[in-house]
Structures are given as structure tokens and as C-alpha cells.
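First comes the structure, then the notes that go with it.
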Amino acid sequence: MAKKQAKAEAAEKPEGEVDIAKQKAEAAAKAKAAALAKKQAKAEAAEKPEGEVDIAKQKAAAAAKAKAAALARKRSKAEAAEKPEGEMEIAKQKAAAAAKAKAAAKAKAAAAAKNRAAVQEREEVNTHSEISPNQSKLDQIVSAIESHVGQGALLEHYINRLSKDVPTLVANPDTYFSIAKFLRYDEQLDFSYLSELHGTDFESHMEIYVHLHSFKMNQSVALKVKLDRDTPVIPSLVPLWSGANWPECEAYDLLGITFNEHPDLKRILLGDDWKGYPLRKDYEPYDVEV
Amino acid sequence: MLRTEEMLLNVGPQHPSTHGVFRLVIKIDGEIIKEATPVIGYLHRGTEKLAENLQYTQIIPYTDRLDYLAAMTNNYVLCHAVETMMGVEIPERAEYLRVIAMELGRVASHLVWWGTYLLDIGATSPFLYAFREREMIVNLLTELSGARLTFNYMRVGGVKWDAPEDWIAKVAEFVPYMREQLAGYHELVTGNEIFVNRVKGVGIYTKEEALQYSLSGANLRCTGVKWDLRKNEPYSIYDRFTFEVPTREEGDAFSRYHCRMEEIEESLKIIEQAVEQFPEGPVLAKVPKIIKVPKGEAFVRIESPRGEIGCYIASEGKKEPYRLKFRRPSFYNLQILPKLLEGENMANLITILGAIDIVLGEVDG
């Protein structure tokens, strides 16, 4: 982008010296405006919440780029003004190349800084920030669960800002099935669609992640449960959603999580005589021939 | 009376109509299927395990090998998950290139399905027509990405490189041509009495069953559920295009056929609009060379030709994911097969299996 811009500007340059003076003034004005914009953007960024910060940042980056380009242009023009005709071309090219390189370097540095900041920011966003549009839905679901399944049925509940603001419920192993059953059959909630089920080995514990969807509420919800890593046992969801059948087999196959009441829990992807559970972090491949 | 006895029959794993390495053990009594047990995993390559030791950009080529008939959507779902977590803003031109590539992929994927499905149930020539048109799409995507099927085209923050000169014009030319051919397909097959008799009323399930079994894509829409993530949970720039979500009420193989054929038309509409609006600009956002995803987890889902494809990432803030999981639509869609086959006539086996439209690379991960 910056390179292109510098190039375009280099190509545009007129020959006449009157024009040069004019352009010089223009460039100076531009640079000034860019600096101002940058300042402004920075000030705005400081005040603004998450969404707008990105825009402001981009604006600032763009302004910085423009400034760099303008600066380079100004310098090349100043040089050009002093030099005779023949040398001018070379000088011009040199200046253009220098401007290009400089702008590119600057843009790169700005981008890197921006992204470093962005990562930090995202991490902060996930812990504290303004209210999510899904907060009311989360509250509705949580209060329904607490009044029907019992107080303390949920270990935790929060909005996962990293995952498109999905309301996330963390259940006890004891209440996991009853919460799932409530979500499935409650008339207001009606989470009739199981979108995804899988397990993860977090080393300190095993975790099941279930992504449910309610067409009635037009809302997804993530239901999670933490299991003991040495004896990961949990009731199966197949009685509620038949679609949980194979995903549960997969979690059993690759992670060794046992699902009680599952109609046909088996190794679904690996061979029946496979040793160990490959997706566990401490898995050692077992090969008889080695 | 003739004595009959139950017999075990092995279909696959090496059988052309399974479109890959899929095995089905069926118990038959005469011509009637008593029980069917799918056996999968022949193509399991441990993508998720491998991904735990790879950087995000290095994982993209692995996604090509899941659903190898529509690899662009697989590329996209991974990039989309990473971008969602990082909060990257994608340049306009990149978004358009992605959408055009994904929709071309959808058309190509449906064409392969159409051709091979008809081949499975005994019509040879449609296969040749479908692959002729599909080859044109493959050529377009080759020009774009450098590979025929395993594109590895998308990147976190945009796409690998810009489209070659005139590429957009070629895509624009392809759209009306494809429309014309599609009309021909309908003339050739859709009203054909033999075909209709083979597929109409076969492999029926209800809306409730479809939801119960977590079906998605045309398999869900054929029961009347108007659900398409491009419309209902818009991602990328899909909210800018006018298109319909084709549905049917019957829930049989013929309705799935209709849904897919109409989806081709809708995809062409999207491509047409995208080509018209195609903007100038960069094709890759400024992202660091080594991508690190913030600590946390995310699950995103998008609409692939086969249904809902999802990607879950658990990150510890490192350059590799702590855990990567793909929600593979074919894997979920195939679960209903034993139920559909129970009590069915042997001759309907392939009709029902084919109508689900599975890709084994995706089933097995």
C-alpha cells in the first residue's frame, strides 16, 4: 500500500519548478494535516472502546504512512530543484526508492506495533470491558437454569469475547446432564440442535465443550464441563441429541473420556487394538515393532 | 415357502460408490437391510494432533485435505477462527477474493456430487458434463492459487496473493455459461422418469430427526429448515449479497437433489455480485510474520457445501494452537445412515448414501 502510494506520487511529479514550489507547499500542508490526524486519532483511541479503537488505529497508521510519503516527496523535490536536468532523473528515482523503502519500513513497524498492541488488548477485552449484546440472553439462560435445575448448578458463566460473544456455561460433572436436558427440553430455551461436541486435555483436567443452538432464541450457547483427568467419566448426551453419538465416540477414541449410557461407545477412528489416547498431551506412540 | 437366512455383506472399504474408503457392514435378509453398521477411520490422519505442533499458517495446507472437494471453505474456517480471536480486520479485496473462491468451490463441489450421484445410480453421461464444467472451475482456481485441489490460498489476514490479471473477467464470463449448462442439466436429468422413480420418496426423514441427528447443509434444508450460516450468522461479507436459501419440505433424496441444484444458482448469483463490486486494494492485512493467538478459546462455524464446518481453537498465546478441532459436517451427517437404511431395500442403499454427499477425508479427519 505505502509502496504503491509512493510510486504513484513519484510518477505524478511535474517537471516545472513553479509546480515544484507549489507541490512543496502542498506536501508540507499534507504532512501537517497527517500529523494532526494522527494526534487526533491517538486522542480518540484513548477514549474509545474496543471496536472503534481498531478503526482509530488504522486511521493513525494510514496517517503515519501518508506523512512518511509526504516527507520523502518533499525531500526529493528539494534535491531535484537544485540539480541539472540529467541528474534529475537519477535523483528522482533514488528519492522515490528511498521514500518507498522508508515508507515500507515505517508501515511495517507500525503494523507490528499495532498487532502487538492488538493481541494485548484482546486479552484484556476478554477479562473486563463493556457489556456484550448477548449479556441479557446469558442472564436469561442462567436464571432459568438456576430456578429449574438448582442454585449452584453452574460453576461459572460468562460471555466469551474471543468467540463471537457466545454465552458460556460451565457445569459441574454432577449437573452437566440435567443442565443439558433442561436446555434441550425447556420450551423457552429450546436448544434443539447440537452443533459440536469435543473434548480437550488441559493437563490439569479434561474438558468437554458442547456447542448448542436454539432456533427459537436464535442463539448459540457453549456448555462446558471439567472432568478429572485420571478418570474422565461423564453421562452421555445421546439420549438428548442423537447427533452426539459419533462425536462422543471420537472423544473416547482420542482422549479416553468415558460416556455413561452411550449406546455404542467404541473406537471410531482408530483401530480397536490401538494403545493409548493420541490427543492426550502425555501420549507416547506405542509400536510393537520398535 | 422358500427358506431365507440373514447374510452379512461388506460394502467397501474399496468400493467406487463410497467415494473414498468407507466401509459398511450390512445384515441383509433377502433384499431387505436389517442392520447397517458404518465403519470409518480408514483415512484418519490425525490432523488435529499434527496441528498441535504446527504454526497457524502451516496448518492451512492440512485443512485442504479434509474436504478436498471444497478446500477453500476449509482454508477459510481456520483463518476465520484465528482472525476472530486476534481481531484482525481483513482488507476488502481479500474478502471478495475469498468469497468468490469459496462460492466457485461450492459450485464445483455440487457438480462433483451431481455427476457422481447420477453415475452411482446408473446414468453415465451426466458425469461427463459435470466434470467438464467442474474442470473450468478447477482451472480458474488453479490460476488463482497455483493448485488444482489443495489450494492453500488463504492466509490469516487475507489471501496469499492477488488474482492474476483478467481473472475476474474470466470468472464473470463463467457465470452465464454455467447458468446455461445448468438449464441443460435440468433438461437432461431432473424430469427424467427413471431418475425420479429412483430418488423420490427414498431416504425420508423428518425435520425433527434432521435436527436430532445434527444434520446440516442440504441434508437439513431438504426438510424445510431454512438454515444457512451465510444468512443466519453472516460472516465475511455475505451480508452484502442478495441470495436465497433453497429449501424443500419432503426430506427425501430428491429434495436434497433440488436443494443442491438451486444452491448452485444462488452461488452463481453471489459470484456475479461479488465480481461487480470487486474493489481495489491490498489483499493481506498487516499481521505479524509469526502469528500468536491471544490466550483463550473460540469456536466459529461457517457454511461449507456439505453443511456446517466449524473450527475450535484453544490457545495459550503461543504460535501453535494448544488444541485445534474441526467440526466436520460429513462426519455429523453420516450418523443418520444406519437409521435410514434399516428396513430399506438393497437397491436403495447407494441412492441414500450418495444423497448425503460425504467426503471421506472430512469424515475421518
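Okay, here's what the table says:
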quantity	calculated
Calculated diffusion of the stretch B:74-151, Stokes-Einstein form, Kirkwood radius summed over Cα pairs, 10 °C and 1.306 mPa s, µm²/s	113 µm²/s
Residue-averaged beta-carbon neighbours from other chains (10 angstrom radius) around B:291-298	6
Percent accessible area from carbon and sulfur atoms, the stretch A:135-260, protein chains only, probe 1.4 Å	46 percent
Contact order relative to length of chain B, as percent, for alpha carbon pairs under 8 angstrom and 6 or more apart	26 percent
The stretch B:136-264: C-alpha pair distances exceeding 23 Å, %	52 percent
Net charge dipole size for chain B [Lys, Arg +1 and Asp, Glu -1 on Cβ; Debye, nearest 20]	1140 debye
Chain lengthening between B:TYR177 and B:GLU135 when straightened (0.36 nm per residue, less Cα-Cα)	13.8 nm
Exercise: per-residue mean of other protein chain Cβ atoms within 10 Å, B:322-334	4
Residue (of A:HIS148, A:LEU169, A:TYR185) at the positive-pole extreme of the stretch A:136-192, dipole from beta-carbon charges	A:LEU169
Charge-dipole axis of chain B as Lys and Arg at +1 and Asp and Glu at -1 on Cβ define it, positive-most pick from B:PRO288, B:THR124, B:THR84	B:PRO288
Neighbouring partner chain Cβ atoms per residue of B:32-40, average, 10 Å criterion	1
The stretch A:224-290 - percent relative contact order, Cα under 8 Å, separation 6 or more	26 percent
Per-pair calculated FRET efficiency, R0 = 51 Å: B:ARG3 and B:ASP162 via Cβ, rounded to 0.05	0.15
Long pairs among B:LYS160/B:LYS269; A:LYS266/B:LYS339; A:LYS226/B:LYS319, criterion Cα-Cα beyond 21 Å	B:LYS160/B:LYS269; A:LYS226/B:LYS319
FRET efficiency for B:HIS15 and A:ASP165, using Cβ-Cβ distance with R0 set to 30 Å, rounded to 0.05	0.10
Percent accessible area from carbon and sulfur atoms, the stretch B:1-105, protein chains only, probe 1.4 Å	55 percent
Residue pairs, from the table B:LYS295/B:LYS325; A:LYS181/B:LYS27; A:LYS137/B:LYS231; A:LYS164/A:LYS224, whose Cα atoms sit over 27 Å apart	A:LYS181/B:LYS27
Å² per residue, accessible surface of the stretch B:113-161 at 1.4 Å	37 Å²
Burial order of peptide ranges A:238-247, B:239-248, B:15-24 (average beta-carbon count within 10 Å, highest first)	A:238-247, B:15-24, B:239-248
Table column - 3J(HN,Hα) (Hz), the stretch B:183-196, Karplus curve with 6.51, -1.76, 1.60, x for Gly and Pro	4, x, 4, 4, 4, 6, 10, 3, x, 4, 5, 5, 4, 4
Counting all C-alpha pairs of chain B, share separated by more than 36 Å (%)	21 percent
Whole-number percent relative contact order across the stretch A:135-260, with pairs defined as alpha carbons under 8 Å at least 6 apart	20 percent
Rounded FRET efficiency, nearest 0.05, which uses the C-beta distance separating A:PHE215 from B:VAL196 and R0 of 45 Å	0.90
Nonlocal amide H pairs with A:VAL225, under 5 Å, H built at 1.01 Å	A:ALA171, A:ILE208
Inter-site label distance for B:GLU35 and B:SER125 at 7 Å from Cα along Cβ, in nm	4.5 nm
Dimensions in Å of the stretch A:135-260 - Rg and Dmax from alpha carbons	13.6, 39
Debye-sum result for the stretch B:234-344 in log10 I(q)/I(0), which assumes one identical scatterer on each alpha carbon, at q = 0.13, 0.21 Å⁻¹	-0.80, -1.22
Area hidden from solvent between A and B (accessible, protein heavy atoms only, 1.4 Å, total, Å²)	4600 Å²
Kirkwood Rh (inverse of mean 1/r, distinct Cα pairs), the stretch B:1-103, angstrom	17.4 Å
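The values are calculated or read from the model by the stated rules, or taken from the named source; none is laboratory data. Bear in mind that the values here come from a model prediction, so they are computed numbers and not experimental data. No Cβ is skipped: glycine too gets one built from the backbone with ideal geometry, and neighbour counts run over all protein chains shown. Calculation scope for accessible area: heavy atoms of the full protein, side chains included, ligands and nucleic acids excluded. Shrake-Rupley method; radii C 1.70, N 1.55, O 1.52, S 1.80 Å.
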